[in-house]
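Remarks on the structure that follows.
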Amino acid sequence: MQDMRDRIASRSLAAGARLPSVRACAQMHGVSVSTVVDAYDRLVAEGVIEARRGSGFYVSDRLVPLSLNDAGDRRSHVSDPVWVARQALESGEAMHKPGCGWLPADWMPDQDIRRALRAMARQPLAPLTAYGTPQGLPALRQLLCRRIGERGISAGPEQLLLTESGTQAVDLLCRYLLEPGDTVLVDDPCYFSFHAMLRAHRASVVSVPYTPNGPDLAAFEQCLSRHRPRLYITNSGLQNPTGAALSFEVAHRLLQLAQQHEMWIIEDDVLADFEWRPAPRLAALDGLQRVIHTGSFSKTLSASVRCGYIAAGVKEVAGLVDLKLATAFESGHFSAEMLLQLLRSGAYRRHMEGLRKRLAEAMTHTIRQLGELGIVPWAEPRGGMFLWCRLPQGISASDLARRALASGVMLAPGGSFSQAADADSYLRFNVSQSLAPDIYSVLAREITAGGG
């Protein structure tokens with residue numbers, strides 16, 4: 001039953017396609033005919049397939065709901081991005097998570113958050129119970145304009161829209177910009193959520209090799225000519241998962257190509273505050289003409305204080321406000337008020353100053369520990385929490401991740417981030433989650449076992 005569901009979900013069996021005969025299916029799976037009859041009967045009851053008297057069994061003509069785990073090429077669970085995200089979120093505290101994408105809970109400014117909550121409790125009732133304005137808290141939008149202005153992005157409060165998170169910001173933009181079947185360019189490797197989200201929007205995804213200075217421009221231009229994409233989604237500063245940053249030369253050429261081919265760019269900037277020195281921003285160079293800039297505070301402040309933003313042209317923001325009202329209605333007045341408290345008080349600035357130093361120490365420690373096992377960084381990041389690392393020759397990242405999981409260590413294999421032929425030679429490490437000695441003991445043991 002699961003094999004048939006997988007083949008239908010991946011579209012290798014299309015609507016209306018005839019299934020193998022009962023006898024052929026029994027031989028294929030090495031089971032009895034009665035087992036196949038029972039399986040087919042149950043699939044008929046589920047509405048997945050239908051029986052036609054005297055003809056056999058066929059895939060139902062009704063559209064099967066999209067399964068993000070099963071759509072596209074089948075991969076092992078440990079390299080499936082949706083499965084990896086669920087495993088990281090659902091596993092208990094006993095699990096070591098060097099493959100997850102967030103900071104440890106005790107690295108977050110819990111005392112500052114508690115003080116902000118107490119201050120909010122003394123305010124009038126509205127922030128605690130009422131809806132906010134459709135575009136988001138005006139005072140926070142004004143403050144965020146000043147913050148992104150420090151990266152060279154010039155925007156007024158009317159050009160900012162608050163969202164529940166960075167993920168919701170990108171999802172809202174995909175709803176606004178894309179039609180099913182549109183082509184979208186992404187970096188290779190890239191943040192694994194982009195692939196899952198774009199599959200959910202029925203987009204055609206094309207990957208462009210990423211270099212330490214940004215996307216490979218020759219490959220990028222070739223993709224533009226061949227696929228005529230509607231959109232490109234990227235990180236300019238501290239790219240996830242590599243930690244690399246865009247150079248001015250690459251940024252200028254990207255914008256020339258986007259203008260020439262009438263392509264939109266979403267610049268996802270959720271890791272901006274981890275930088276010691278800001279990299280070039282496409283939105284700053286473009287003036288928010290073809291580039292739409294997004295960000296959030298989930299990675300740096302709290303995953304529970306859900307507040308992100310979109311910076312775009314006035315016309316685009318007006319359309320996005322209507323779309324937000326239709327799909328989400330509101331983005332969290334409570335979270336916006338709390339974030340405003342933390343930014344205004346200076347607590348967030350002080351937190352980030354300490355956090356960048358702590359991450360730099362963790363980065364040095366992790367690079368040294370991994371180096372002793374023959375695991376080397378693809379590039380040494382200029383800040384942040386992520387390392388994109390190559391494994392010793394002959395070691396499979398997905399196999400290593402599967403074995404490590406059984407020992408209580410959750411890894412992030414390269415196949416979750418990349419479609420490249422050598423993706424299974426890479427792992428992404430979160431240095432803030434890579435400090436426990438047990439992690440390296442497990443890696444050493446499993447690398448030795450894998451190499452043997």
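List the number of the failed condition for residue 437; all other conditions in (1) touching a residue at least 12 places away in the same chain (Cβ under 8 Å); (2) open to solvent by 10 Å² or more (accessible area, probe 1.4 Å) hold.
(1)
So which residues in the range 153-191 are of a type in the set (Asp, Glu) and either surrounded by fewer than 23 Cβ atoms within 10 Å (Cβ to Cβ) or in a loop (DSSP other than H, G, I, E, B) (or both), if there are any at all?
158, 164, 171, 179, 182, 188, listed by residue number.
Just one of 411, 443, 435, 427 is aliphatic (A, V, I, L, M) and closer than 17 Å to residue 379 by Cα; which is it?
427
Just to check your reading of the model, which residue among 105, 119, 130, 139 is under 25 Å from the mean Cα position of the chain (by Cα), surrounded by fewer than 19 Cβ atoms within 10 Å (Cβ to Cβ) and either of a type in the set (A, V, I, L, M, F, W, C) or over 23 Å from residue 277 (Cβ atoms) (or both)?
Sole residue among the options that is under 25 Å from the mean Cα position of the chain (by Cα), surrounded by fewer than 19 Cβ atoms within 10 Å (Cβ to Cβ) and either of a type in the set (A, V, I, L, M, F, W, C) or over 23 Å from residue 277 (Cβ atoms) (or both): 105.
Just to verify a result, which residue in the range 360-400, among those that are of a type in the set (Val, Ile, Thr) and in contact with a Lys or Arg (Cβ under 9 Å, 6 or more places away or on another chain), is least open to solvent (accessible area, probe 1.4 Å)?
Step one: list which residues in the range 360-400 are of a type in the set (Val, Ile, Thr), which gives 364, 366-367, 375-376, 395.
Still in the running and in contact with a Lys or Arg (Cβ under 9 Å, 6 or more places away or on another chain): 375-376.
Working: 375: 1, 376: 74 Å².
So the residue we want is 375.
Just to be sure I understand, how many residues within the range 361-405 are aliphatic (A, V, I, L, M) and not in a helix (DSSP H, G or I)?
Number satisfying all stated conditions: 8.
Quick one: what pairs do we get from the range 208-225, first residue charged (D, E, K, R), second open to solvent by less than 70 Å² (accessible area, probe 1.4 Å), C-beta under 7 Å, 6+ apart or different chains?
Short answer, once both residue conditions are applied: 216/208; 216/209; 221/257.
Please enumerate the residues belonging to the range 279-300 that are in a loop (DSSP other than H, G, I, E, B) and either farther than 16 Å from residue 148 by Cβ or within 16 Å of the chain's Cα centre (by Cα) (or both).
290, 297, 298, 299, 300
Touching a Gly at 6+ places or on another chain (Cβ under 6 Å), at pLDDT 85 or above and surrounded by 13 or more Cβ atoms within 10 Å (Cβ to Cβ): does that describe residue 95?
Details: touching a Gly at 6+ places or on another chain (Cβ under 6 Å): yes; at pLDDT 85 or above: yes; surrounded by 13 or more Cβ atoms within 10 Å (Cβ to Cβ): yes.
So residue 95 fits the description; yes.
Just to be sure before I move on: is residue 348 outside any helix (DSSP H, G or I), on the phi < 0 side of the Ramachandran plot and touching a residue at least 24 places away in the same chain (Cβ under 8 Å) in the structure I sent?
no
If I filter the range 285-316 down to residues being touching a strand residue (DSSP E or B) at 6+ places or on another chain (Cβ under 7 Å) and more than 18 Å from residue 236 (Cα to Cα), which single residue comes out as surrounded by the fewest Cβ atoms within 10 Å (Cβ to Cβ)?
316
The values are calculated or read from the model by the stated rules, or taken from the named source; none is laboratory data. Here the structure is a predicted model, which means the values were calculated and not measured. Glycine also receives a Cβ, built like all others from the backbone with ideal geometry; neighbour counts cover every protein chain displayed. We work out accessible area using only protein heavy atoms, side chains counted, and drop any ligands, DNA or RNA first. Shrake-Rupley method; radii C 1.70, N 1.55, O 1.52, S 1.80 Å.
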